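Engineer: Once you've had a glance at the structure underneath, I'll fire off some questions.
The values are calculated or read from the model by the stated rules, or taken from the named source; none is laboratory data. Quick caveat, the model's predicted, so the values are computed rather than measured. Here the Cβ positions follow ideal geometry from the backbone for every residue, glycine too, while neighbour counts run over all protein chains shown.
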Amino acid sequence: MKELVPGNLKSQRIKPFPYLSFAREEWRSLRNNTPLTLTSKDLEEIKGINERISLLEVEEIFLPLSRLINIYYRSARELYASRKEFLGTVHEKIPFIIGIAGSVAVGKSTIARLLKTLISAWPESPKVDLIPTDGFIYPNRILEERNLMNRKGFPESYNLHELIRFLFALKSGSKGIKVPVYSHLKYDIVPGEFHEIADPDILLLEGLNVLQTKSSSSKNEPEFFVSDFFDFSIYIDALEADIKRWYIERFKVLMKTAFRDKESYFHKYSYLSENQAVEIAGRIWDEINAVNLVENIEPTKNHAHLILEKLHDHSLGKVYMRKI
């Protein structure tokens, strides 16, 4: 374990302070006796396109992480109970919310699904839900009206007012909350379809800009940020050159699979040559995703409780944990 201090920040690829830095060998020792409840088959069903998470990585990285989150979760439960005792009142169950942030193609969704599976197997048997923030992107018709189709995924493409309202209701103990459904096939919100939040003990919220702290409220309303509602947060980090390569690799796989569906928004790309696919995916990355990463996503990583550093082959290297 290495403590990051101002004198050595310049030598670090990630420059968080105050964070503790763990080499993989150090981090895996923190697993303690946390059991592995996942099988190889389970892991295959969880993994996204071109993801290379192994059971060994689950044991060395994600079981210690699951143990750490469990410590935060139990502490939050104790605090809620103490507060109820202090007030002498009965409150609704308040979900514990975990935020997961990072770039397009960095593996957020796979890690979110993996954590959902591991957390569900805790001795407490918590009810766990997973919500991507895609459901809060404005419908394409609104993005087109505002000339934002090429800014999809940028902060201004999200209905942040509705996202904050959703989190406020969730933390207020409201029941039967519904979230719009986003179709990656049609690249748009599905009219009339909703995911109903089923009174979870723990909710994972996964998205590009969930750690964003730029002002977005009107002058006449109190200002809230998505991260204000988090009990624990994770940022998935990697070098931009690696993420770009992963994005292009994923694009080539989708070109031969999902894009072949005539209902796909990207069906026009389904019969490109490999050279054409590399050129177009690279341009999309450079003109859209890289800009969003540099301007909006990466600057938020030091707001996370934990940073997971991915290496060039998708494996996880160092872990950075904010001091407790």
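Engineer: Any residue in region 189-212 that is of a type in the set (Asp, Glu) and part of a helix (DSSP H, G or I)?
Structural biologist: no
Engineer: Residue check, Val90 against (1) in contact with a Pro (Cβ under 8 Å, 6 or more places away or on another chain); (2) surrounded by fewer than 20 Cβ atoms within 10 Å (Cβ to Cβ), all met but one. Which one?
Structural biologist: Unmet for Val90, out of (1) in contact with a Pro (Cβ under 8 Å, 6 or more places away or on another chain); (2) surrounded by fewer than 20 Cβ atoms within 10 Å (Cβ to Cβ): (1).
Matching residues to (1) more than 16 Å from the chain's Cα centre (by Cα); (2) assigned to a helix (DSSP H, G or I); (3) surrounded by fewer than 19 Cβ atoms within 10 Å (Cβ to Cβ):
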residue	(1), (2), (3)
Ile280	yes, yes, yes
Ile288	yes, yes, yes
Glu295	yes, yes, yes
Asn302	no, yes, yes
Ile307	no, no, no
Gly317	yes, no, yes
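Engineer: Among the residues of region 179-192, what is the count of those that are without any contact (Cβ under 8 Å) to a residue 24 or more places away in the chain and farther than 25 Å from Lys268 by Cβ?
Structural biologist: 1
Engineer: Can you find a residue in region 165-182 that is over 22 Å from Phe229 (Cα atoms) and assigned to a loop (DSSP other than H, G, I, E, B)?
Structural biologist: Within region 165-182, none of the residues are over 22 Å from Phe229 (Cα atoms) and assigned to a loop (DSSP other than H, G, I, E, B).
Engineer: Step by step: first the residues of region 224-239, then only those that are part of a strand (DSSP E or B) and of a type in the set (A, V, I, L, M), then the one that is nearest to Ala76 (Cα to Cα). Which residue is that?
Structural biologist: Restricting to residues being part of a strand (DSSP E or B) and of a type in the set (A, V, I, L, M), the top hit is Ile234.
Engineer: Now for a separate question. Restricting attention to region 20-50, which residues are over 28 Å from Glu124 (Cβ atoms) and either modelled with pLDDT under 90 or β-branched (Val, Ile, Thr) (or both)?
Structural biologist: Result: Ile49, Asn50.
Engineer: Quick one: Ser82 ticks every box in (1) polar (S, T, N, Q); (2) closer than 25 Å to Glu59 by Cβ; (3) surrounded by fewer than 17 Cβ atoms within 10 Å (Cβ to Cβ) bar one, so which box is it?
Structural biologist: Single failed check for Ser82: (2).
Engineer: Taking Ile97, is it over 28 Å from Glu25 (Cβ atoms), touching a residue at least 24 places away in the same chain (Cβ under 8 Å) and crowded, with 20+ Cβ neighbours inside 10 Å?
Structural biologist: Taking the combined requirement at face value, the residue satisfies it.
Engineer: Let me ask something additional. Keeping to region 113-143, report how many residues are free of Cβ contacts under 8 Å to residues at least 12 places away in the same chain and more than 20 Å from Ile197 (Cα to Cα).
Structural biologist: Here the count works out to 3.
Engineer: Does Ala105 satisfy being closer than 24 Å to Arg52 by Cβ and in contact with a Lys or Arg (Cβ under 7 Å, 6 or more places away or on another chain)?
Structural biologist: yes
Engineer: Still on this structure, I have one more. Hey, Ala105 hits all of (1) in contact with a Phe, Trp or Tyr (Cβ under 9 Å, 6 or more places away or on another chain); (2) not in a loop (DSSP other than H, G, I, E, B) but one; which does it fall short on?
Structural biologist: (2)
Engineer: Which residues, taken from region 144-177, are touching a residue at least 12 places away in the same chain (Cβ under 8 Å), basic (Lys, Arg) and closer than 30 Å to Phe259 by Cβ?
Structural biologist: Arg151, Lys152
Engineer: Taking into account only those residues within region 23-80 that are part of a loop (DSSP other than H, G, I, E, B) and among the aliphatic types (A, V, I, L, M), which is nearest to Arg250 (Cα to Cα)?
Structural biologist: Ile49
Engineer: Please specify each residue of region 120-157 satisfying the condition of being touching a Lys or Arg at 6+ places or on another chain (Cβ under 9 Å), surrounded by fewer than 18 Cβ atoms within 10 Å (Cβ to Cβ) and under 20 Å from Tyr182 (Cβ atoms).
Structural biologist: Asn140, Pro155, Glu156
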